[in-house]
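The values are calculated or read from the model by the stated rules, or taken from the named source; none is laboratory data. All values reported here derive from a predicted model rather than from experimental measurement. Cβ sites come from the backbone with ideal geometry, for glycine too, and all protein chains shown count toward neighbours. The area values use the complete protein model at the heavy-atom level, side chains included, leaving out ligands, DNA and RNA. Shrake-Rupley method; radii C 1.70, N 1.55, O 1.52, S 1.80 Å.
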Amino acid sequence: MAKTGTDIVKRGMAEMQKGGVIMDVVTPEQAKIAEAAGAVAVMALERVPSDIRAAGGVARMADPTIVEEVMKAVSIPVMAKCRIGHIVEARVLESMGVDYIDESEVLTPADDKFHINKKSFTVPFVCGCRDLGEALRRIAEGASMIRTKGEPGTGNIIEAVKHQRMVAAQIRRVQGMSEDELVAESKAIGAPYELLLEVHNKGALPVVNFAAGGIATPADAALMMELGSDGVFVGSGIFKSESPEKFARAIVQATTHYQDYALIAELSKGLGTPMKGIELSTLAENERMATRGW
Amino acid sequence: MKIGVLALQGAFREHRKLFEDLGAETTLVKLPEHLEGLNGLVIPGGESTTIGKLLREYNLLQPVQSLGQEGFPILGTCAGMIVLAKQILGAPEPHLGLMDITVDRNSFGRQRESFETDLDIPVIGSELFPAVFIRAPHVQKVGEGVTVLARYNDRVVAAREDNLVAFSFHPELTGDHRLHRYFLDIVEQA
């Protein structure tokens, strides 16, 4: 008997993406550029995060036409975003055959208390986190892959680093605890006990963890790998740079060879201007996307 | 015995762990110089387009091809099967083009159609093997020297040609070591 949508099938899909780069694209042409550069998947969107910021208003699931066109254009997996808590946007994307859904803080949340119960879906989900508690809450809801949030659309790596370091430090701390301390820790960080016990025993998250939100250069991607990410999402960083083909190719190679610094130097030569980026202190509290999610 | 695990992208850590559980020494292969002193090579699951591209970018394609042509044992799982194949349906050219099989990519459908099942693989015994198929390919045609090791719903999903072995599914994702043992036996005899 063949079983679809099981944990191993959904989490296994993310395992196959490890060491790779997932790129945001808004047209089939961009998807082809990403595939040719060696992306392991593309995220089909109507706008990249920096344009969502610029446009303001309510950001929703992309027009299905765009998602369909991207799916037709490439043979690598296609992901798409739905709003936090928007069950129907997720069902719509699932019905279209999208390979992975990102329940994403980049879009305007549809529910201010609850995320989607992702266990009831055949399609796997990726969700953002800023710390271990948030990661384990999403996994408890059925997320098959986690990404640290960073601050999307800023081209500024500082928040991605902060979140990755936070998760890694909390995992080390939980690993060093005695089992007696885990219930109190579970309460303190808002993480389900059983999953916390799993982290304690394994010394790692039960699912793959990518970095996202602010990666703009090959060195940024390599930095996140150095800090223990399994791979990277690059949103605005590629198609908002001066030469997307070159940036895409260089970021893919820097992710694979993240400790080959001479190579990263070569890859970084003459790339042209990266996306402009935003200094975080100029962002108002209500302009931050990473704080969305409960 | 030293097994190299191609580590350009994909599930290379899982393969490494299973081989080490079986007592083999392993090393990650990212550049041509990492191929030295190996007794066998594994091409893991991942994205075949990405792995194929990075093999070319880092001049690994030709040295791995030469090794394979000399009878060096190579195991490919999922994307690895595609990378080994002589023909890929719908693609202008193969990657390594070592194994006389024609593969059909994503032949079971997209991710929502991905599945797990218990598979009969006679060469490792009568107990069924837990097989995880993720956007998996299947072998549409096999050449003369190729032995079919397993079928799922009449589709060839495991094959061997001399010292080249390919699976459509992911033995690295389950705790079952039998297929890794099977490959190590081939390496020992090579």
Put simply, what bits of the stretch B:95-130 lose 40 Å² or more of accessible area when the other protein chains are there, versus the chain on its own (1.4 Å probe)?
B:110, B:111, B:112, B:116
Per-residue average of Cβ from other chains inside 10 Å of B:40-51:
5
Rounded to whole Å and sorted largest first, list the principal axis extents of the Cα atoms in the protein assembly as shown.
66, 55, 41
Taking only Cα atoms of the stretch A:28-91, what ratio of Rg to Rh do you get with Rh as the Kirkwood inverse-distance radius?
0.99
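Roll a 1.4 Å probe over the protein chains and send me the accessible area per residue for chain B in Å². Show your work: numbers first, answer last.
Numbers: 7250 Å² over 190 residues.
Averaged over the residues of chain B, the accessible area is 38 Å².
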Residues in the stretch B:1-32 occluded by at least 40 Å² - accessible area, probe radius 1.4 Å, against chain by itself
B:9, B:13, B:30
Rg/Rg_ref, the stretch A:113-191, where Rg_ref = 2.2 N^0.38 Å and atoms are Cα
1.20
Would you work out the charge dipole size for the stretch B:2-189 about its Cα centre, treating the Cβ of every Lys and Arg as +1 and the Cβ of every Asp and Glu as -1, and quote it to the nearest 20 debye?
540
Excluding residues on the same chain fewer than 8 positions from residue B:17, give the aspartates and glutamates whose Cα lies under 16 Å from its Cα.
A:15, B:25, B:172, B:176
Residues of the stretch A:96-113 with accessible area at least 20 Å² lower in the all-protein-chain context than alone (1.4 Å probe)?
A:97, A:99
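Can you give the calculated 222 nm mean residue ellipticity of chain B, where each DSSP H run of n ≥ 4 adds -39,500 (n - 2.57) and the sum is split over every residue, rounded to the nearest 500 deg cm²/dmol? Mind showing how you got there, number by number?
On the way: 5 runs with 47 residues, N = 190.
That comes out to -7000 deg cm²/dmol.
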Counting only other chains, and only Cβ atoms inside 10 Å, what mean value do you get across the residues of A:75-84?
2
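If you count the DSSP beta bridges with both ends in the stretch B:2-189, what percent of them are antiparallel, to the nearest 5? Please list the in-between numbers first.
Details: 19 of 37 bridges.
Antiparallel bridges: around 50 percent, rounded to the nearest 5.
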Any helix of chain A counts here only if DSSP assigns it H throughout, its Cα atoms span 24 Å or more along the axis, and its mean Kyte-Doolittle hydropathy is at least -1.0, and such helices are A:158-176
Within straight-line cross-link reach of residue A:32, lysines at Cα separation under 17 Å, skipping those fewer than 8 residues along the same chain
A:72, A:240, A:246, B:53
Hz values of 3J(HN,Hα) by residue in the stretch B:79-92 - Karplus curve (6.51, -1.76, 1.60), Gly and Pro given as x:
4, x, 5, 5, 5, 6, 5, 6, 9, 10, 4, x, 10, x
log10 I(q)/I(0), Debye, Cα-only the stretch B:94-152, no solvent, q = 0.12, 0.17, 0.27, 0.31 Å⁻¹?
-0.36, -0.70, -1.14, -1.18
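What is the Å³ per residue value for the convex hull set by the Cα atoms of the stretch B:2-189?
Details: hull volume 20.1 nm³, N = 188.
Taking the convex hull of the Cα positions in the stretch B:2-189, it is 107 Å³ per residue.
By average Cβ neighbour count within 10 Å, what is the ranking of A:184-197, B:152-165, A:225-238 from highest down?
By packing density, highest mean first, the sequence is A:225-238, B:152-165, A:184-197.
What net charge is computed for the residues neighbouring residue A:48, neighbours being all others with C-beta under 12 Å from the C-beta of residue A:48, Lys and Arg scored +1, Asp and Glu -1? Mind dumping the intermediate values first?
On the way: positive: A:47, A:53, A:81, A:240; negative: A:24, A:46, A:51.
The answer is +1.
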What accessible area, in Å² to the nearest ten, does a 1.4 Å probe give for residue B:56?
80
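What quantity of accessible surface, computed with a 1.4 Å probe and excluding non-protein components, is buried in total between chains A and B, in Å² to the nearest 100?
Details: alone 12610 and 8850 Å², together 18360 Å².
Using a 1.4 Å probe on protein heavy atoms, the buried area is about 3100 Å².
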From the square roots a ≥ b ≥ c of the eigenvalues of the alpha-carbon gyration tensor of the stretch B:1-49, which class results: rounded (a/c under 1.5), prolate (a/b over b/c), or oblate?
oblate
If you take every DSSP beta bridge whose two residues both sit in the protein assembly as shown, what share of them, in percent to the nearest 5, is antiparallel?
30
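With a/c under 1.5 counting as rounded, go ahead and sort the stretch B:100-190 into rounded, prolate or oblate using the C-alpha gyration tensor (a ≥ b ≥ c being the square roots of the eigenvalues; past the cut-off, prolate if a/b is larger than b/c, else oblate). Before the final figure, lay out the partial values.
Numbers: a/c = 1.87, a/b = 1.20, b/c = 1.55.
Oblate, because a/c is 1.5 or more while a/b does not exceed b/c.
Exceeding 22 Å between C-alpha atoms, which entries from my cross-link table qualify? They are A:10/B:141; A:113/A:149; A:118/A:149; A:81/A:113; A:118/A:162; A:81/A:119.
Working: A:10/B:141 29 Å; A:113/A:149 18 Å; A:118/A:149 19 Å; A:81/A:113 19 Å; A:118/A:162 27 Å; A:81/A:119 17 Å.
Flagged as over cut-off: A:10/B:141; A:118/A:162.
Of all DSSP beta bridges in the stretch A:38-166, what percent run antiparallel (nearest 5)? Present the calculation step by step, with values, prior to reporting the outcome.
Details: 0 of 15 bridges.
Antiparallel bridges make up about 0 percent of those DSSP assigns within the stretch A:38-166.
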Where a ≥ b ≥ c are the square roots of the eigenvalues of the C-alpha gyration tensor, would you call the stretch B:11-121 rounded, which needs a/c under 1.5, or, failing that, prolate if a/b is larger than b/c, or oblate?
oblate
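Summing -39500 (n - 2.57) over the DSSP H runs of n ≥ 4 in chain A and dividing by its residue number, what mean residue ellipticity at 222 nm do you reach, to the nearest 500 deg cm²/dmol? Can you show the working numbers first?
Working: 13 runs with 127 residues, N = 294.
After summing the helix terms and dividing by residue count, I get -12500 deg cm²/dmol.
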Once you charge only the Cβ atoms, +1 for Lys and Arg and -1 for Asp and Glu, what is the size of the charge dipole of the stretch B:14-60 about its Cα centre, to the nearest 20 debye?
180
What accessible area per residue comes out for the stretch A:189-294, rounded to a whole number of Å², with a 1.4 Å probe?
41
Could you give me the radius of gyration and the Dmax of the stretch A:7-268, taking only the C-alpha atoms into account and expressing both in angstrom?
17.6, 55
Given the candidates A:50, B:153, B:43, the one whose Cα lies deepest towards the positive end of the charge dipole of the protein assembly as shown, counting +1 at each Lys or Arg C-beta and -1 at each Asp or Glu C-beta, is A:50
Whenever you get a sec, compute what percent of the accessible area on the protein assembly as shown sits on carbon and sulfur atoms (1.4 Å probe).
49
Along each of its three principal axes, how wide is the spread of alpha-carbon positions in the stretch A:48-159, in whole angstrom units, largest first?
36, 34, 26
